[in-house]
1. Can you tell me which residue is surrounded by the fewest Cβ atoms within 10 Å (Cβ to Cβ) among those in the stretch 361-379 that are in contact (Cβ under 8 Å) with a residue 12 or more places away in the chain and in a helix (DSSP H, G or I)?
2. For the stretch 395-405, indicate whether the set of residues that are within 16 Å of the ligand (Cβ to nearest atom), surrounded by fewer than 20 Cβ atoms within 10 Å (Cβ to Cβ) and either free of Cβ contacts under 8 Å to residues at least 40 places away in the same chain or not in a strand (DSSP E or B) (or both) is non-empty.
3. Considering only the stretch 234-245, how many residues are aliphatic (A, V, I, L, M), surrounded by 15 or more Cβ atoms within 10 Å (Cβ to Cβ) and either touching a residue at least 60 places away in the same chain (Cβ under 8 Å) or more than 15 Å from the ligand (Cβ to nearest atom) (or both)?
4. Can you tell me which residue is nearest to the ligand (Cβ to nearest atom) among those in the stretch 304-356 that are surrounded by fewer than 21 Cβ atoms within 10 Å (Cβ to Cβ) and among the polar types (S, T, N, Q)?
5. Find all pairs meeting these conditions: Cβ atoms under 6 angstrom apart; at least six residues apart or on different chains; first residue within the stretch 298-311 and free of Cβ contacts under 8 Å to residues at least 12 places away in the same chain; second residue not basic (Lys, Arg).
6. Give the residue, chosen from ASP161, ASP174, that is of a type in the set (D, E, K, R), within 13 Å of the ligand (Cβ to nearest atom) and either surrounded by 14 or more Cβ atoms within 10 Å (Cβ to Cβ) or modelled with pLDDT of 95 or more (or both).
7. Restricting attention to the stretch 121-150, and to residues there that are within 13 Å of the ligand (Cβ to nearest atom) and at pLDDT 95 or above, which single residue is surrounded by the most Cβ atoms within 10 Å (Cβ to Cβ)?
8. In the stretch 322-360, what count of residues is obtained for those that are farther than 18 Å from ASN394 by Cβ and not in a loop (DSSP other than H, G, I, E, B)?
Amino acid sequence: MRITMIGSGYVGLVSGACFSDFGHDVICVDKDETKIAALEAGKMPIFEPGLDTLVASNVAAGRLRFTTDLKAAVAGADAVFIAVGTPSRRGDGHADLSYVFAATREIAEAIDGPVVVVTKSTVPVGTGDKVEEILTELAGDFPIAVVSNPEFLREGAAIGDFKRPDRIVIGTEDPRAQQVMRDVYRPLYLNESPILFTGRRTSELIKYAANAFLATKITFINEIADLCEAVGANVKDVSRGIGLDNRIGSKFLHAGPGYGGSCFPKDTLALLKTAEDYETPVRIVEAVVQVNDTRKRAMGRKVIAALGGGDGTSVRGKTVAVLGLTFKPNTDDMRDAPSLAIIQSLLDAGITVRAHDPEGMEIAKTMMPDITYCGDAYAAAQGADAVVIVTEWNIYRALDLKRLAATMAAPVMVDLRNVYPPSDAERAGFAYSSIGR
Ligand code: UDX
């Protein structure tokens, strides 16, 4: 198969590299010349475990290429995937589809034969209909099918998720397009990953419903964690106790500082906008968005309380070490990271912040220039009045707690990811607090 991937960001690059690894002939397109030049030189624009070697081996095998020339890349393709960004539109929270439609118009001008155009970007219900309208109007002479094929990969585990998905969702009722998509994913369904064929609108909604459900699960356990703290229960045991029920499932029940990242915050908002447009409110998701937003600042107050502040007592002049800045481990992605809101509330209280993150500091420096960035966890904790674990990177799971405590002005730890058993931290001399325990 000849596959063209429009957009070489997170989803486009991972999907393109994985498709080429299946044996397809893949060309990834991007407008950003610097990005394409870097990719051609073997440099990855994002941090994703395993991506560099996957790209290198498929480039070497001649199956994966990069270009800025969309027109040449689309000519002769069996399937053209649109994997451009759909950020939240400033002001109203709707998904911004301008990149999707711009790419569609360029594809229309380049089409030179029958082709299947696939939206892999997360797009609101009805976007496929509009893409089809544009293509039919501008390139109507050839048989064109528009398919929705959402992506469910998680940052940090993206290649594994792509190659061993729980399911593949393909939204089209066109038999020719269904066959092309079967051929595209043949290596996966030979591995028994189920393929679900649905209508296009249904497929578009599945993506939003999946992300909203996962965001709901996280937010649910976060509120139960607060209740655990109030009644003296342990949220880790509650998670296990309910998660062992197959109907509930154990995943996405880790209480923490609230979800962040490039998908859940944006996609929950976009789903609410669709619901509003169709006058069919999804009230549970409305509550999830609101609870998650307020939670991040509440985490800042939790740290201030651990320092003895709040209720009129000032913590001005104290120093806090923040461990982990990215929205989750194994990524350098800072988008909607809980650390941003937590650190802001600490700065607002007059606290000095020293931080460390294994991959996120370069990007974080551009977003939070007013904090001190340190070489490792121990350096960050030097002279601090409290250390806060915000992101559960593996290197923070096996800290020498006695050494950490010894470098601090006061050994206080706020563990927002429940990384440590309380007894371990207390044995090392910490005044320790965590989430829901
Ligand atoms: C998510 C979806 O998992 C993926 O299917 C979709 O394609 C894109 O959005 P991603 O944003 O990469 O992927 O991260 P994910 O691992 O889902 O975590 C999202 C956020 O939820 C993170 O901030 C994480 O820390 C938080 N989270 C996750 C929890 O707080 N508790 C959990 O139990 C799980």
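The values are calculated or read from the model by the stated rules, or taken from the named source; none is laboratory data. All values derive from a computational prediction rather than experimental measurement. Neighbour counts run over all protein chains shown; Cβ positions are idealised from the backbone, glycine included.
1. Ranking the candidates gives GLU362 first.
2. Scanning the stretch 395-405, I find at least one residue that is within 16 Å of the ligand (Cβ to nearest atom), surrounded by fewer than 20 Cβ atoms within 10 Å (Cβ to Cβ) and either free of Cβ contacts under 8 Å to residues at least 40 places away in the same chain or not in a strand (DSSP E or B) (or both), so the answer is yes.
3. Final tally of qualifying residues: 2.
4. Per the stated criteria, the residue is ASN330.
5. These pairs meet every condition: GLY310/ILE304.
6. ASP161
7. ASN149
8. Total satisfying the criteria: 13.
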